[in-house]
Structures are given as structure tokens and as C-alpha cells.
Amino acid sequence: MPSLRTGRRRGPLGIAAGVLAVAAIAMLIFAGTGSAKPNDAAAHSRVKAGGTVTMALPPSTVVNYIFPFMGLQFFSVYNISYMQQNLFRPLYWFGRGSTPALNPAISLAALPKYTKNNTVVTINLKPYKWSNGESVTAQQVVFWMNILKVQKLGWAAYSPGGMPDDVKSVVANSPTKVTITLTGPTNPGWFTYNQLSQITPFPMAWDISATGQKAGSEACGKAPYAKVVVKTDKKNSKVTPTSPEAKSCEKVFEYLSRQSGFDPKNPKAPNNSLKTYATNPLWQVVDGPWHLTKFDSAGTFTLEPNPKYSGPVKPKIDKVVMLPYTSNAAEFNALVGGKIDVGYLPYEDVTSPAKSPLVPGKNHPRLSDFNIDPWYGWGIYYIVPNFNSTGNNGQAGKIMKQLYFRQAFQLLINQPLYIEKLNKGYGVPTYGPVPVLPKNPFATKFAASNPYSYNPKRAIALLTAHGWKVDPKNVTTCADAAKCGVPAGTKLQFTLPYAVGSATTKQLMEAEQASWQQAGIKVTLSVGSFNTVIGNAVPCTGKSCTWEMAFWGGWIYAPDFYPSGELLFQTGAGSNSGSYSDKKNDALIKDTNFGDATLASWQNYLVTQLPVFWQPNQAAQLTEIRKNLKGVVPQNPLQSINPENWFFTQ
Amino acid sequence: MIGYLARRVVQAILVVFGVMLLVFLLEHVIPGGAARAALGQRASQAQIDQFNQLNGYDLPIWHQFLDYCRDLILHFNLGYSYRKNQGVAQLIQETLPKTLVLVGISTFLAVIVAVPLGVLQVVRRNKPIDYILTGTAFIFYAMPAFLLGQILILYFAIDLSWFSTEAPQSASAWGVLSQPKDLVLPVLSLAAITIAAFSRYMRSSMMEALTEDYVRTAKAKGASQRRVLYRHALRNALIPLITLLGLSLPAIVGGALITETVFNFPGMGLLTTQAAVNNDVPLLLGTTFVAALATVVGSLMADVLYAIADPRVRYA
Amino acid sequence: MHSEPLPLGELAPDAVAPEGGEGTSTGGIASQVVRVFAENRLAIVGALVIVGMVLFCFVGPLFYSTNQTSTQNALLFSTQNSPPSRAHLLGTDQSGFDVLGRIMYGGQVSLEVGFAAAALATIVGVLFGAISGFFGGWVDAFMMRVVDVLLSVPLLFLVIVLAVIFQPSLTILILVIGFTAWLVPARLVRGETLSLRVREYVLAVRVMGGSNIRIVLRHIIPNTIGTIIVNATFQVADAILLLAALGFIGLGVPAPKTDWGSMLADGVNSALNGYWWQIYPAGIAIVLVVVAFNFVGDALRDAFEVRLQRR
């Protein structure tokens, strides 16, 4: 390194001057907080027609798939809620006010009727029109079912036993009536919320397989369901179209997917489709209140009203612009800077606590122009224990299988404290598979009664009663093998990888770690990316099944809006990461899917059984809405948006 | 020199190949693989198998790598990113120019400020201005990028409203250039740190150059202070800086993750990070490829310039 | 590396080759260093700051003992985000931890990682660079290309992969940071070695039958010690800053430990809330240590250049 050869005589003063200069500037920053915008006068309640609303997408979220029949790789709540459903209405809309219930007013059909011992479903369509003049017809429902038959494995919401496996026939009796006959009796609540919820009628303009073809050129759209014949292999892992109609459906699916950017036969083919979303005439055929006018590959897009929308509520504003953000901090900067009309407040910036989970506290001092509204998602958060784990000298799974241990572990989780301190009151304790908030018709009183409230004394007593020597300073060990259920000397220590999340996630994990230590349960935390955590925490058996616990969030009940357990807790279910297996639980679930049971018994059972360790249910987003923008509240718990309800005042 | 260059080009190809292979192998260490990362927690084993079969992940690793290389070399096809629903080549084509604009302008600014700053510090050696500049340089150097960025936003964008809180949001490089006002804060944020580093370095190398024999000779021959400074010392003092720039090339191409995050600017830094975090194999390989190219080119430039500057060095 | 641009320590092969003679004795170097140091007030200030910081971080908690490990207790027994007061001299952070105590606690990690990563990077880099420069030819080409390969691998990806293979811990972070940092001293030392190996005295030792290892260890490395030490001091600063960057992304020090960078990152996230005590102290600590190391590094460089000065 080249040198300085002179004997330098720098005085410390010069350096100090430099330091002071920079410090002075920094001082001004925090002194200058008095530049908050002046308080808005009380808004007049006159509706002002028009206006542009800018809305912030959640951090690191980009909307990038438009064809509303997609596989898991493009399935995201944001693709569906923020874009697709505003353009292409689903048959049934879920989310009424602040509950997840079915909303008949903006559904395309009247409520389904179940007859013949719940084996026949009749759907009567309302008179809706597509923007190209077509009517929304029963055959278009059949069109969607045809595609499903051929591509069930490429459909994100498919689960074995659900549609189309349990569908015997689908018939369009008239332009407005569809009859679905099932292979056996079903549970109407489950079928409506988890199966019918998947259907989006497709226009005949999409029944083509090459650009420029006339609407209906292919055979798929008009084909009767029975004529679409496929062959499924024994393992239910490959579906081959055999009839000409089925082959036509395959071609239509491939074409529409390619137009959306994904080539199912050759993913590596060059793809530039994102730029065409707003200009492709295919996607301009809409039956929803909006159509896409701008879409750039960075993720910014614009919705403008569809003048031909047939629904009850027509848009009042001129434009909705969706903006993507790289991080919470970037969005908050933009929000305070005045660039956003509907944004969100990161938890670390909440300055006043909520009055109650649903009643917000005072807003941030820099956001005097905004109202804050907590948005609770329709989902649950939990830590997953691996019941087959061979970690901790082969004992981890066996320990998890002991109910008393799970109870002790849960009893050490002080949910109310974390909600109060970390979420500033915007949350509610959860003790079961059905969320207590948002208000819904499914949660039982028992679940809301919090049977495993924070009680470290009881936790320690449970462990001691089962032969453990509790050592809060170090680690608890098993003293009496007969009572413990594991060999003597086994330590109660676990590794818990969790997914990088917000600052409050880190605080939550650290607080729980300290809490478990009270009973000598030594939990070693490690943070990883979301993908490495879920990549590791898969259902497994055998020696290599070493993961012990994991936390990456939880589960969102979408598109399976019915909070039943067949995807999560049933033995062998694909998303039953911890391999929880309980015969009574399986029987109860079956009853809720195919019998006529409500969710009550199953739910209450799981509340007592602790198949996972419940975490507080915090508000998914603290939405900030400009004071003069009305109609955004109440927010739909399924995280879909209805911009047609929004309007400016004054 | 020609022989040396030819050897280096061959080596460059080997380096790029080596990097790709290394990253490729490391990718397979991550559990769940690309399938689980793309499909998420709801995927059944059957769906994962189908995904792997469609995308070639069920082939042996060497076969996968050879396929990738063949697509890259013969078809310029860098693959497809599920997460972004875009071809990797397109993604890089769109993101790289934007990044070059942002980081390139910052680096350029850093150079044109740092050089005179370094010279000034030498000319006014040990005077107050030297101390202040050196002090400020130290402090900016020591500031983490996220701190500087947020402070600039807080003061200039929010409290004073002179600038936007975010960098230009346009998807194209031209669009970014057409919003120069929004570029000010992110460029300043990046440049401040680089200027600090470069000017410190410039100062040292300038001082060193001034002690060389040829300077004393020039002075003895009666050259003015100015002539000595600019014609002799500066020219030679610049050479190490140029080699430093050559070695900065990977950083310019690699983007600035933290600045991009703070200023909401999805550039190459964020693209690479997201690819790593999302286990998006083709995208990660694609961005690594670009970084590797930049590294070998920059490294070669640096070595060549150094050899030109100092004939004593033998690369035998 | 200090976030985006290259660190101060990075440089192409030296423009001026060291003139040093054969293996000067350690005593000579040491006394020279001490003399230059004593004359350079800034270096003394820097050294004092560093020593003071180390004492503050490691010995301080004995005098100012606070809860720094139990987030649960912090949430239960103290108020979050409270401004400086008699109970908490520098206020509390988002979890309720005492900020002053946290500066000490986090400083232990920052300094440890800084020193350890710098030491690791320096040792590995020096050996690698010396061998590469000394043998030259295809050995040099191969080793430098290895450097190029490693420079191109994305850092964050490496962090993720290592966290998957090994249990993420402080050691892993030290390895990761050291792993990216050794490339710089390697290049530096290689450059100097390229010049040194054609010196007459090296050829003389060869003629006299000295082995290559002896030449490298006894003649080459001691004559590059100036560059090495200077670079090492910059490495410490860069390591602390890199740890801060990792903390910002969320893949930093595992709980319940923390470091200045993570504290600063968390504080910056609530910059708009006016909690200045969550930003300034950690920021000033980092700046102080980095600046101090720079002073010391500059003085050391002066010391070795003066020694080498033949004019």
C-alpha cells in the first residue's frame, strides 16, 4: 500500500470538526419531527366521483400470474386477490364484511342447493355479462370443470378425494342452471367452502388454442363434462387425456398458460408475457368490475373500471394503482412521504397500543392523514413438532408424542404477553385450528376459552409428575424412565429453526426461548430462509428424519376456506408436516367432510390434543387508509379487496 | 502480452465454469430443492415428483449441469424462474441496465469527486481542510449503508420533501434516467461511502507518487508545482485507482442490496438475494454467471493495467 | 466487504515494491513501530479507543449489570422503547432491554467477530498470496483464478448454504466473513511477493541452498508485514460492518446474542418514530471503532514505510 512519508501532525481538532458537522446534520433530523402534516378537517360525507387510489402491496410481494387456473408454483393469495378476482369473478365470493362467510351479493350464482341426501348440488346463475358481450352461462362452469378434469394435478387447490375425484357428473341443464352429481354424500358446508369455492367460469373467448382464433374454436368449452375422458394412473400422479374433447382441453390449458407466461410442456421456452398482460385481448375479456390497463414486469399494475360489469356495486374511482415494495421500511417511508393511499404500518412503528384487538389505538404521529384498521387473516400460526423425529438421540419424536409434554410446552407460551408487548394489542390468543378472530360461525366457545393459558407452575408440575428432574438453570433430564416414557437421562433439549420474518418474529422466538428455559426446556433457535425451513420440515420417517421442530408461520385457509383439518392434521395429509396421527381425529375429520357434522367436536378435540404448538394470532396487516377514502373498511379476512366499494369524499 | 492475454481468456472461461459448477453443487445442498421452494408447503410428493420430472431435476447432477451449459452456450437460454414467471435472461436483461445506471453513476460520481478531493488533501496537507475531509471520510466509511440511506430519506425526502422517498420506479434504464430527481438520494447514499474510500486511497497514492524519483527530477529541472502535480504525480497515482475500479466491476454489476432495499429499487442486488433466499436455481445461476463474467473482466483489466504501470512485474 | 463498494484494504498489486532486505529481526520492527506510534498522536488516540472499547464491552457489565439474555423478562419487567432515564441511562430498545448494557453485550460479539474474522482472513490470505506470488507461473495463475471463482459466489447464498449444513452460530458467521475477506490480503501479498521474489538476496538464498518454505516464511512474509498488518486493521472494520449488513437482512447473530449492527438495523427501522437512543449509541460505537482502527492502521503503515525509506 503506497505510503505517506511525511511525519504527520494532524490535530485531533480537525477530526472532531468533521465529526461534529455530520452529527449536527443528524441532530436536525430528529429535532425536525414537527413537520407532520396538518390535521385533516372532518371529511364531508359527499361522495366525490373519480380519483386515483394507490395501494401498497405487502413487502417483497409481486403479482405475476394472470390466468386463474394455476398450479402451486403461481398460487398466491396476492395473485388471486389483488388481480385475478377483480377481473375474473369466481363463481362464489367468500368474505362478507369482516367475516369469511360466503357473500351471495357479489357471487355469480345464488346459494347452492343440496338435495338427494347431499349427493346433488344445484347452482342457479345470475344474469352476468362478460365485457365482450357473452353472458356468463352454465356451460362456462362446465368449461372450468372440463379443464379441471384434465389438469387436476396442475391445479393448486386440488387434493385427493376432492373435485374432480368425487364428482360423478356435471350437467348444464339450461343456460343458467348447473347440476353437479357427486359419487357419495358430502358435507354441504365443506363442499361449498372448499370445493365450489374453486370454480371460476371461463368465457368462450378463451376456448382457443392459438392467437387470433375465433371464440369457441376449440372443442373444450362447449363439451359436456361426460365427454371429457381421461385415464389416471394407479398412483394418482399422472392424468392422460384420451377422448378428443379431453385432448382439446389440454391444448386450451397449455395455450392459456403460455399466454400467462408458463409453458407446461417446456418451461425453459423464452417468456416475456408479463409485459403483455395489459394488452393481450384474452385478458381484457372480464366479468368483474375492473380490467387491467397497465402492467409492468417490476410488478406495478393499474386497474380501471369495466363499464360492462353486471354486478350490484359499480366502481366509483377512476383508477387503482398497485405498487410493490422491497421492505416494510421502504413502504413506510413512502407512506409517510405521501405516495400511498392504502398502505400498512409495520409493527415496529406502532407507537400506541390497540384498545382491543379490533379497536385500533392512536395512529402514528406522522400519519395524521390516515386511519388505521387491523386486518386479521383467515389463518392460524403454530410451531410444528415432528412426531417422527429421531433427533436428540432418537428421543425427540417420542417426547413429542407424550401429551403431557406438549401441554407443558404450550403452558409456557405466554400469548397475552406477546400480543400486548410485541403486537401492541393487535392480536388474539389462539388455542385451536379454527381462528377466533375474524369473527366467524365456526369457532367454538371452548376454543376461545384458552384452556392452556400461560401457567409455568402447572407446566413444571406436569413435568415433575411425569418423572422429570426440572432444572431451570441448565436442562431438564428424565429421572424416572417409566413415568417419562423415554430412557432415563434424556435431556429436554430441541433445535427450533424458524423462518426469517419481521422484527417481531425474532422477538417472539427469543421471548419463548427464555420462557421455556423456566422449566429447563432448552430450545436452540436458528434462523433460516423460509424455503430452507419448509424444505427441511417435511413429513418423514426413519433415521434421516431428524428435524425436531420448525416455525415458519402457519396456514392460511385459502382457497380451502372451510377450516377443517383434512389438509393439515389428517394422517398422511400432504401438509401434515409433523406427521401427527390420531385415529379419533381422522374419524372426526371424515365426518366434517362427508358426514353432516359441524366443526365443533373435531375442533374441540384438537384444542385439547395440541397437534401443534399454537402461537398468537396477530393481525396480518395494520392497514393505513387515507381519511378521505371510504369503503375500504371492513376488510375481508380472506385478504381479497373490493375496490369497487371505495370512494373519496369531500 | 498477447500470449498472456490469450492465456487469461482461457482461464476466464475456466473460472466462469468453475463458479457455475460450485454454485450448482451448493444449490443441491439445500433441503427440498427447487421443487419445494417453487411449490410451497401444500405440495404433495406426487406434485413434487412431477415438477422434478418436468424441469429435469430428477436427472443425475452431472446431467443437469451439462444440460444447463448446453442451453447457455448454444441457445443463450438461461432458464426460467417460476417465482418471477419470467425467463432468467429477460429478467437480467431488464434488471441489469437499471442497476448499471444506479451503481454506475454512483461510482462515476465517486471517482470525479474523490480524485480532486484526494489531491486537495495532499496539497493542503496537515491544514484544517485536510483534517475535516479526512474526518468526514472516515465517518462516512464507517456508516453502514442502511443507516446513511434512511437518514437521507428521513431528512431530505420526508421532512423537507425535496426528493421522493424512493428511487425511480421505472422498469427500464431509460425510465430511471428520466427521473433524475429521484436518483439523487440513492446515488448520494452509495457515492458517499465510495467517495470516502476512494479519496482516502487517492490521497495515499498521491502522496506516494510525490515522493518518487521522477518527481524530484522534474522539480530539479524547474517544473512548477502545478506541473509536477498534474503531469507526473497524478497520472501515476491514478493507475492504482484504475485497477481498483476494475476490481469494483463485480460490485457495479452485482448491485447494491442494501441501498436497493432501502430505496425500493429492485436491482441486481435484490434479484440475487431473492434467488438465494427462494432457492430459485436458474435465477441464482444466471445472476452468478453475470457476476462471474464481471469478476474475470475486472480482474483481467486490473492485472493488465498493473503490468503496464509497473514493468518490474513479471507474469512469467 | 463493506456493503457495496470495495473496502479500503483492497488494492491491486502494490505500485511500489518494498525494498526490504533479508529477514529483519523482530526486535528492529517492534522498536520502529513503537517509536512511530509514540510520535503519532492520532494512533495513540486510536489505540486508546480500542482498548477502552474492549474494556467497556467486556468489563463494563460487571459494573453495569443488566438483563441481556431473557427477552421474556425484558418484556415483563421493563417498558419498551423508553427514552433515557435514571433507570436506563440510554433508554430501552424494542424488547425492553437496557440500551447501554446492550451496547456492551453487542460489542462483545462485534469485536470478537471483527478480530477473529480479520485474523482468519489475514492468516489464510497471507499464506495463500505468498505461495501464489512466490511460485508464479501456472501456480500463481491457478490460485488467482480460485480467488476469482470465490469472489463471484454470492455472499448471501453462501450464508444460507452454510447455515443449512452447519448449525448457524457465531463460528459460522466468523467463517463466512473470514471466507470472503481473505481474498483481499491474498491479492495484496501476492502482488508484493511477485516483486520480492526477483530480488537479489532471494536469489542468493536460493543459491545457498535455502528451501522454498524457508524463503517464503523467513524472507518474503516479513518484508510484507507492513501491508499485512495495515490490511488486517482495515479487515476488522470491514468485518464489523459486514456483520451489520447481515444483521440488517436478518441472517445475523443467533439469539439471544446480538451485535452493534443488528441493534443499529433494528433501530433504523424505527427511525421515523424518533427513538434516537436506539440509533445513535450503536452507530457511534461502530464509527468509533472503525475510525480508531483506521488511525492505528494508518500509523502502522507510516511506521513500516519509514523503516523502508531509503531516501
Study note, to complete from the structure: Spelling it out for A:Asn363: with amide H atoms placed in the peptide plane at 1.01 Å from N, the residues 5 or more places away or on another chain with amide H under 5 Å from its amide H are none
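For peptide A:624-632, what's the mean number of Cβ atoms from other chains within 10 Å of each residue's Cβ?
0
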Exercise for review: For every other residue with a beta carbon closer than 15 angstrom to the beta carbon of A:Ala109, add +1 if it is Lys or Arg and -1 if Asp or Glu, then tell me the sum.
Suggested key: +4
Revision key, fill the gap. Listed by chain and number, the residues whose amide H is under 5 Å from that of B:Tyr80, excluding neighbours fewer than 5 places away on the same chain and using placed H, are B:Val88
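Summing +1 for each Lys or Arg and -1 for each Asp or Glu, what net charge is found among the other residues whose Cβ lies under 14 Å from the Cβ of A:Lys265? Walk me through the numbers before you get to the answer.
Details: positive: A:Lys247, A:Lys251, A:Arg258, A:Lys268; negative: A:Glu250, A:Glu254, A:Asp263.
Net of charged neighbours comes to +1.
Can you put A:Glu218, A:Glu420 in order of Cβ neighbours within 10 angstrom, beginning with the fewest? Show your work: numbers first, answer last.
Values: A:Glu218 22, A:Glu420 16.
Result, fewest neighbours first: A:Glu420, A:Glu218.
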Practice item. Would you work out which of B:Val23, B:Ala114, B:Gln86 lies farthest towards the positive end of the dipole of the range B:10-119, given +1 charges on the beta-carbon of Lys and Arg and -1 on that of Asp and Glu, about the Cα centre? Key: B:Ala114
**Study point:** Local net charge near A:Ile383, Cβ-Cβ under 15 Å (Lys/Arg +1, Asp/Glu -1)
**Key:** -1
Point to revise | Loop trypsin sites (Lys or Arg not before Pro), the range C:84-148, which have at most 16 other Cβ atoms in a 10 Å radius of their Cβ (DSSP) | key: C:Arg86
Point to revise | Karplus 3J(HN,Hα) series, Hz, for the range B:70-85 with 6.51 cos²θ - 1.76 cosθ + 1.60 (x for Gly, Pro) | key: 4, 4, 5, 6, 7, 10, 6, 9, 8, x, 9, 9, 5, 4, 9, 6
Practice item. Using the number of other C-beta atoms within 10 angstrom as an exposure proxy, rank B:Lys84, A:Lys294 with the fewest first. Key: A:Lys294, B:Lys84
Check your understanding: Applying the Karplus parametrisation 6.51 cos²θ - 1.76 cosθ + 1.60 with θ = phi - 60° to the phi angles of the range A:286-301, what ³J(HN,Hα) value in whole Hz is obtained for each residue in order, glycine and proline being reported as x?
Key -> 10, 10, x, x, 10, 9, 7, 10, 9, 8, 10, 5, 6, x, 7, 9
Exercise for review: At most 16 other Cβ atoms within 10 Å plus a DSSP loop assignment makes a site exposed; report the longest stretch of chain C without any exposed GluC sites (Glu not before Pro).
Suggested key: C:23-311
Practice item. Using a cut-off of under 18 Å, list every residue of the range A:145-173 whose amide N is near the label point 7 Å from the Cα of A:Ser135 along the Cα-to-beta-carbon line. Key: A:171-173
Point to revise | Estimated distance in nm for a label pair at B:Phe108 and B:Asp71, the labels positioned 7 Å out from Cα along Cα-to-Cβ | key: 3.5 nm
Exercise for review: Calculate the mean, over all residues of peptide C:233-239, of how many other protein chain Cβ atoms lie within 10 angstrom of the residue's Cβ.
Suggested key: 1
Exercise for review: Would you mind checking the range A:341-355 for residues with the amide N under 20 Å from a putative spin-label position 7 Å along Cα→C-beta of B:Lys181?
Suggested key: A:341
Review point. If you plug each phi of the range A:397-408 into the Karplus form 6.51 cos²θ - 1.76 cosθ + 1.60 with θ = phi - 60°, what whole-Hz ³J(HN,Hα) values come out, in order, with x for Gly and Pro?
Key: x, 5, 5, 4, 5, 7, 4, 4, 5, 4, 5, 4
Review point. Based on the mean of other beta carbon atoms within 10 Å per residue, what is the order of B:254-263, A:170-179, A:280-289, most packed first?
Key: B:254-263, A:280-289, A:170-179
Review point. Gain in length, A:Thr524 to A:Ser356, computed as 0.36 nm per residue apart minus the alpha-carbon separation, to one decimal in nm?
Key: 57.1 nm
Check your understanding: Under a straight-distance cross-link criterion of Cα-Cα below 19 Å, which lysines are reachable from A:Lys584, leaving out those fewer than 8 residues away in the same chain?
Key -> A:Lys401
Check your understanding: Any idea how far apart A:Lys235 and B:Ala220 come out in nm if each label point goes 7 Å out from Cα toward Cβ?
Key -> 8.6 nm
Check your understanding: So what is the calculated 222 nm ellipticity per residue for the protein assembly as shown, using -39500 (n - 2.57) for each DSSP H run with n of 4 or more, over all residues, to the nearest 500 deg cm²/dmol?
Key -> -14500 deg cm²/dmol
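For the ranges A:572-583, A:107-118, what's the packing order if you count other beta-carbon atoms within 10 Å of each residue, average per peptide, and put the highest first? Each step should come with its number before you reach the end.
Working: A:572-583: 19.3, A:107-118: 16.0.
The densest-packed peptide leads the list: A:572-583, A:107-118.
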Exercise for review: Any chance you could give the angle, 0 to 90 degrees and rounded to 10, that helix B:88-123 forms with the longest Cα principal axis of chain B?
Suggested key: 20 degrees
**Study point:** A:Val475-C:Leu55 pseudo-label distance in nm [points 7 Å out on the Cα-to-Cβ vector]
**Key:** 3.9 nm
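What list do you get for B:His63, A:His291 if you sort them by fewest beta carbons within 10 Å?
In order of increasing Cβ crowding within 10 Å: B:His63, A:His291.
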Review point. In the protein assembly as shown, which Cys residues have no partner Cys with a Cβ closer than 4.7 Å?
Key: B:Cys69, C:Cys57
**Study point:** Nonlocal amide H pairs with A:Leu57, under 5 Å, H built at 1.01 Å
**Key:** A:Leu323, A:Tyr325
Exercise for review: Give me the lysines in straight-line cross-link reach of A:Lys235: C-alpha distance below 18 Å, same-chain residues under 8 apart excluded.
Suggested key: A:Lys149, A:Lys152
Point to revise | lysines whose Cα lies under 22 Å from that of A:Lys362, excluding same-chain neighbours fewer than 8 positions away | key: A:Lys37, A:Lys339, A:Lys421, A:Lys424, A:Lys627, A:Lys630
Check your understanding: Per-residue mean of other chain beta-carbon atoms within 10 angstrom of the beta-carbon, peptide C:186-193?
Key -> 1
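Coordinate-derived values only; no laboratory data. Given the structure is predicted, the values throughout are model-derived calculations rather than measurements. No Cβ is skipped: glycine too gets one built from the backbone with ideal geometry, and neighbour counts run over all protein chains shown.
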